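Report on the structure given below.
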Amino acid sequence: MIRSVCGYCGVGCGLEYDEKTLIGDITYPTNEGKVCSKGVSELISIQTPTRLLRPHIRENINDSLIVATWEESVSLIANKIKSTSKDKIGFYLSGQLLTEDYYIANKLGKGFIGTNNVDTNSRTCMASAVVAYKKSLGADFVPLRMDDIIHANLLILAGANTAEAHVVFHNQIKKAKKQGLKVVVIDPRFTDTAKIADIYLPIKPGSDIDLFNLVSKRLIDEDLYNKEYVKNNINNFELLKNKFKRVAVTKMLKRTGLTIEQFEDFWALYKESENIITAWTMGLNQSVQGVDKNLALINTHLLTGKIFKRGNGPLSLTGQPNAMGGREVGGLSTMLAVHLGFDEESIKKVSAFWNTDKIDNKSGLPATKMLDANLDVLIICHTDPVYHLPNRKETEELLKKIPFVVEINAYENSETAPYSHIRLPAAPWGEKEGTQTNLDRTITKQEKLTRISIDCKPDWEIFQLIAQKLGYKKHFNYANPQEIFEEFQAMSKLNSYMNIHEASYENLSKEPFIWGKNIDTFLTPDKKGNLFFVENKLLSEKTNLEYPFILLTGRTRDQWHTGTKTNLPTTLLKFKELNFCEINSFDAEELNIKDGDTIIVKSRRGSLETKALITDTIKQKMIFIPISNREVNYLTNNLLDKESFEPDYNHSAIKIEKLN
Ligand SMILES: Nc1nc2c(c(=O)[nH]1)N[C@H]1C(S)=C(S)[C@@H](COP(=O)(O)OP(=O)(O)OC[C@H]3O[C@@H](n4cnc5c(=O)[nH]c(N)nc54)[C@H](O)[C@@H]3O)O[C@H]1N2
Ligand SMILES: Nc1nc2c(c(=O)[nH]1)N[C@H]1C(S)=C(S)[C@@H](COP(=O)(O)OP(=O)(O)OC[C@H]3O[C@@H](n4cnc5c(=O)[nH]c(N)nc54)[C@H](O)[C@@H]3O)O[C@H]1N2
Ligand code: SF4
Ligand SMILES: [Mo]
């Protein structure tokens with residue numbers, strides 16, 4: 001029997017494999033044997049005929065791809081890198097890579113090629129939480145764990161649909177409810193998660209800052225904040241208090257779309273709850289004010305002192321399996337490595353560790369800006385930007401202009417494939433090994449369960465081959481992921497609070513390692529938390545008479561994004577209908593649309609055809625399209641948060657036409 005871990009979502013469930021079956025690991029702390037439909041079918045997705053099995057090359061994206069050798073492919077990539085300047089090279093990585101993959105790509109890009117243009121799709125996902133945690137707590141540190149819900153009295157889920165996106169955690173919420181946990185769900189849609197809520201708040205999209213500000217204001221006005229705690233541990237209280245004196249409460253409440261009764265019910269429950277956890281995901285992060293939304297939420301915990309205490313705290317529910325590992329390594333262009341930045345001191349430390357003098361001292365391009373920067377070489381790995389970036393028509397145009405695009409993927413049917421000059425076959429989950437960090441700092445190990453298919457290679461090895469071809473063999477000569485992990489562990493000592501060096505690679509599959517367990521205070525220089533006054537600036541795209549609907553996008557339980565691993569031929573996996581657009585019954589009637597009708601959904605940027613699904617779980621003047629519809633981003637706008645550069649996916653103005 002082999003123990004491994006699921007490679008889909010940030011919960012990171014333990015799995016057991018006995019050569020025939022894959023089941024949940026009963027001894028594993030986070031899931032106690034439970035798994036969802038995705039985790040249990042991990043092995044099936046290795047066997048699909050849609051795997052990419054050999055390297056392919058073409059000179060021009062209008063030509064057909066032809067099979068090539070690894071030697072040819074890697075030489076070509078190295079030559080292209082050598083023939084341009086470092087600032088013209090970009091690495092577009094993914095929160096689904098293993099820590100060892102990131103480590104090699106980051107070391108190569110930032111350490112040896114000398115470009116900080118190393119970023120990941122986490123930019124579209126968790127970047128707002130990263131910035132907000134850093135600003136308020138002093139570091140990108142999740143200050144509590146999922147199992148804290150057992151000790152909480154109240155769990156607030158804001159813009160998080162755990163029933164579909166963090167399925168096994170959702171089961172644990174249901175279990176905790178039996179022991180008295182109360183749940184508040186804040187979401188414009190009455191989701192499956194809302195079904196278990198004690199209080200459901202049907203907030204208007206984009207108004208969470210107003211809601212959390214109302215809570216903070218009431219805490220101050222009613223003298224319910226923790227005075228002693230704030231005095232000793234928190235900065236900027238007076239400033240916040242003064243600012244709140246002048247805010248227009250009625251206007252704020254109106255913007256949330258909630259009634260006074262709805263807010264007061266919530267407030268009554270909030271007030272009487274001793275231990276509170278507020279968890280959030282894409283409903284807050286993916287926003288032109290994503291960082292501010294996070295800060296407004298975190299403020300409530302700083303004011304009450306409900307943080308760094310069992311059963312309390314602001315819990316960012318990371319989506320991808322190893323977005324956290326990526327953040328730890330330094331896989332974002334706005335950080336260097338092991339949570340260190342681009343200040344002189346950090347560059348000195350990292351340069352000495354890697355034995356290099358090439359590190360640049362300015363932030364690199366974030367993923368959401370990488371395509372629009374006249375790059376000559378773009379290396380895309382384990383992600384599908386043509387699918388996932390907002391305003392797809394523009395993405396396609398920009399990508400076409402990049403003269404050399406390398407795509408490393410385990411499957412052949414990505415949306416980025418038509419735009420790549422080289423496609424390299426990666427070994428997916430089950431064919432490789434390495435470590436990942438789940439959403440609450442638990443480091444675990446994925447095990448190799450089966451042989452590598454034909455000509456595939458693990459991602460780290462592909463980056464190592466490129467590094468060696470560029471002449472850096474001395475620095476990139478790892479025999480296996482263990483050697484890389486151990487180098488990363490040694491590097492983590494450069495950052496005093498990262499005790500990752502205490503883990504043991506060999507033990508990881510038997511016993512996961514939770515780093516930062518003893519951190520019980522802020523990681524700012526003065527060891528105090530920072531409050532920020534933030535306001536809803538109404539920056540999202542506005543609806544009007546022509547585009548009267550707001551488009552919401554999100555997950556469905558059994559599908560993983562583009563579905564290269566989950567939307568398989570029906571002989572392999574059964575899946576639900578994905579081609580739908582939820583629309584409220586009143587709106588449907590007004591537009592003379594019947595359930596199942598074909599409709600055209602249009603924004604100012606593009607359109608798609610889909611089928612109407614009439615439901616009252618969605619309010620009027622909103623529609624919902626699942627992101628397993630690969631065309632969804634033809635509709636979305638590309639406004640970005642000014643600090644995190646995360647897109648405003650959930651707030652695009654739309655019109656609907658019935659196809660006659
Ligand atoms: N089955 C499945 N699970 C997944 C994934 C998957 O593809 N499939 N992907 C993983 C990844 S990468 C991620 S990032 C997570 C995402 O996890 P979630 O964010 O929980 O998933 P979403 O479906 O995007 O849900 C976002 C919710 O926010 C709501 N929302 C939209 N606008 C607003 C707003 O203005 N305010 C509030 N309060 N709510 C709003 C939406 O209606 C939606 O229900 O899921 C992870 N888990
Ligand atoms: N409108 C809208 N757009 C969104 C979102 C939204 O909510 N709404 N959410 C955003 C978020 S949060 C995210 S995280 C992104 C997700 O968007 P993507 O990351 O683009 O989606 P995935 O389908 O997960 O892409 C993973 C790719 O990796 C490939 N792959 C699988 N295994 C391996 C492997 O072992 N190695 C390599 N090299 N490749 C492998 C898969 O075949 C697939 O092509 O989408 C973002 N875009
Ligand atoms: S909840 Fe997440 S980690 Fe657990 S089995 Fe499902 S997809 Fe995998
Ligand atoms: Mo994500």
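Miscellaneous remarks
- Here is the figure for the stretch 514-529: residues that are among the small types (Gly, Ala, Ser) and within 16 Å of ASN495 (Cα to Cα) total 1.
- Applying the criterion of at least 1 residues that are free of Cβ contacts under 8 Å to residues at least 60 places away in the same chain to the strands (runs of 3 or more DSSP E) found wholly in the stretch 383-475 leaves 404-409.
- In the stretch 514-571, residue farthest from TYR387 (Cα to Cα) [restricted to those that are surrounded by 19 or more Cβ atoms within 10 Å (Cβ to Cβ) and of a type in the set (Val, Ile, Thr)]: VAL534
- Residue-level check: of (1) open to solvent by 10 Å² or more (accessible area, probe 1.4 Å); (2) touching a Cys at 6+ places or on another chain (Cβ under 7 Å), PRO321 misses just (1).
- Some residue of the stretch 306-323 being at pLDDT 95 or above, more than 16 Å from ligand 4 (Cβ to nearest atom) and among the small types (Gly, Ala, Ser): yes
- Those residues of the stretch 175-233 which are surrounded by fewer than 20 Cβ atoms within 10 Å (Cβ to Cβ), basic (Lys, Arg) and farther than 26 Å from ARG246 by Cβ, in sequence order: LYS175, LYS177, LYS178, LYS182, LYS195
- Selected residue (criterion: surrounded by the most Cβ atoms within 10 Å (Cβ to Cβ)) from residues of the stretch 99-127 that are hydrophobic (A, V, I, L, M, F, W, C) and within 16 Å of ligand 1 (Cβ to nearest atom): MET126
- Residue in the stretch 140-160 that is within 16 Å of ligand 1 (Cβ to nearest atom), within 16 Å of VAL11 (Cα to Cα) and either open to solvent by 30 Å² or more (accessible area, probe 1.4 Å) or assigned to a strand (DSSP E or B) (or both) present: yes
- Only one of the numbered conditions (1) part of a loop (DSSP other than H, G, I, E, B); (2) charged (D, E, K, R); (3) touching a Cys at 6+ places or on another chain (Cβ under 9 Å) is violated by ASP63, and that is (3).
- Any hit, the stretch 22-34, residues being on the phi > 0 side of the Ramachandran plot, outside the structural domain of ALA467 (by TED's automatic domain parsing), assigned to a loop (DSSP other than H, G, I, E, B) and away from ligand 2 (no atom under 16 Å from the Cβ): yes
- Scanning the stretch 220-240 turns up no residue that is within 16 Å of ligand 2 (Cβ to nearest atom) and in contact (Cβ under 8 Å) with a residue 40 or more places away in the chain.
- Within the stretch 6-21, considering residues that are under 13 Å from SER37 (Cα atoms) and touching a residue at least 40 places away in the same chain (Cβ under 8 Å), the one nearest to ligand 4 (Cβ to nearest atom): CYS9
- The C-beta contact set for the stretch 156-174 (first residue touching a residue at least 40 places away in the same chain (Cβ under 8 Å) and within 15 Å of ligand 4 (Cβ to nearest atom), second residue open to solvent by less than 10 Å² (accessible area, probe 1.4 Å) and among the small types (Gly, Ala, Ser), distance under 6 angstrom, 6+ apart or interchain) comprises ALA160/ALA279.
- Test: residue in the stretch 604-616 that is part of a loop (DSSP other than H, G, I, E, B), within 14 Å of ligand 2 (Cβ to nearest atom) and under 30 Å from ASP119 (Cβ atoms): yes
To keep it simple, each residue is scored yes or no on (1) polar (S, T, N, Q); (2) within 19 Å of GLY159 (Cα to Cα); (3) open to solvent by 40 Å² or more (accessible area, probe 1.4 Å).
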| residue | (1), (2), (3) |
| --- | --- |
| GLU589 | no, no, yes |
| ILE599 | no, no, no |
| ARG604 | no, no, yes |
| THR615 | yes, no, no |
| MET622 | no, yes, no |
| ILE625 | no, yes, no |
| ASN633 | yes, no, no |
| GLU657 | no, no, yes |
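The values are calculated or read from the model by the stated rules, or taken from the named source; none is laboratory data. All of these numbers come straight from a predicted model, not from anything done at the bench. Because the Cβ atoms are built from the backbone with ideal geometry, glycine has one as well, and the counts that use them run over all protein chains shown. What goes into the accessible areas is simple: the full protein's heavy atoms, side chains included, and nothing from ligands, DNA or RNA. Shrake-Rupley method; radii C 1.70, N 1.55, O 1.52, S 1.80 Å.
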